[in-house]
1. Against the condition more than 44 Å from the chain's Cα centre (by Cα) and assigned to a helix (DSSP H, G or I), how does residue 139 come out, does it pass?
2. Any residue that is exposed (fewer than 11 other Cβ atoms within 10 Å of the Cβ) and either touching a residue at least 24 places away in the same chain (Cβ under 8 Å) or over 19 Å from residue 145 (Cα atoms) (or both) - is there at least one of those in the stretch 114-128?
3. Answer yes or no: is there a residue in the stretch 56-76 that is modelled with pLDDT of 85 or more, in a loop (DSSP other than H, G, I, E, B) and either farther than 30 Å from residue 28 by Cα or in contact with a helix residue (DSSP H, G or I) (Cβ under 8 Å, 6 or more places away or on another chain) (or both).
4. Where the second residue is in a loop (DSSP other than H, G, I, E, B) and at pLDDT 70 or above and the first is exposed (fewer than 12 other Cβ atoms within 10 Å of the Cβ) and lies in the stretch 47-61, which pairs have Cβ atoms under 9 Å and are six or more apart or on separate chains?
5. Say whether the condition of being under 25 Å from residue 150 (Cα atoms), in contact with a helix residue (DSSP H, G or I) (Cβ under 8 Å, 6 or more places away or on another chain) and surrounded by 11 or more Cβ atoms within 10 Å (Cβ to Cβ) is met by at least one residue in the stretch 95-102.
6. Anything in the stretch 31-50 that is modelled with pLDDT under 85 and not in a loop (DSSP other than H, G, I, E, B)? List them, or say none.
């Protein structure tokens with residue numbers, strides 16, 4: 001029983017030392033390239049001037065320091081909310097543009113199928129830019145491609 005009590009006291013004492021050691025840690029403060037103050041438990045990259053600030057313990061935190069920290073947290077939360085809203089807006093814009101493009105591609109595919117199923121001759125440009133009339137075999141191949149495109153773009 002005595003051993004257990006001594007062990008518990010030693011354990012509590014070592015925890016107290018660890019808490020005291022943590023309370024004595026420092027925070028590094030420096031100004032970044034954009035002129036914004038930066039705080040970190042790690043020192044800044046070499047060559048950047050900085051100052052060390054003693055990291056306050058829970059009870060040692062003054063009211064003014066608490067207000068500064070709260071203000072910084074609010075500003076950070078506001079920046080994050082603005083960035084998230086901007087990202088969401090960009091995603092919605094990209095989705096709308098993709099839907100518009102899909103609609104245009106559907107219309108083009110429908111027109112191609114309609115033309116290739118008709119009786120009129122179909123002319124296209126070859127690799128050199130010369131106009132070539134499609135024969136029956138090429139027309140059937142192009143019709144299959146146009147029908148695949150129509151299925152893909154018009155049936156999401």
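The values are calculated or read from the model by the stated rules, or taken from the named source; none is laboratory data. Given the structure is predicted, the values throughout are model-derived calculations rather than measurements. A quick note on method: Cβ atoms are made from the backbone with ideal geometry, for glycine too, and the neighbour counts reach across all protein chains shown.
1. When the stated conditions are applied, residue 139 passes them.
2. Looking through the stretch 114-128, at least one residue is exposed (fewer than 11 other Cβ atoms within 10 Å of the Cβ) and either touching a residue at least 24 places away in the same chain (Cβ under 8 Å) or over 19 Å from residue 145 (Cα atoms) (or both).
3. Within the stretch 56-76 (the criterion being modelled with pLDDT of 85 or more, in a loop (DSSP other than H, G, I, E, B) and either farther than 30 Å from residue 28 by Cα or in contact with a helix residue (DSSP H, G or I) (Cβ under 8 Å, 6 or more places away or on another chain) (or both)), the answer is no, since none of the residues qualifies.
4. Between residues of the stretch 47-61 that are exposed (fewer than 12 other Cβ atoms within 10 Å of the Cβ) and residues that are in a loop (DSSP other than H, G, I, E, B) and at pLDDT 70 or above, the close pairs are 52/43; 54/25.
5. Yes: one or more hits.
6. Scanning the stretch 31-50 gives 39, 40.
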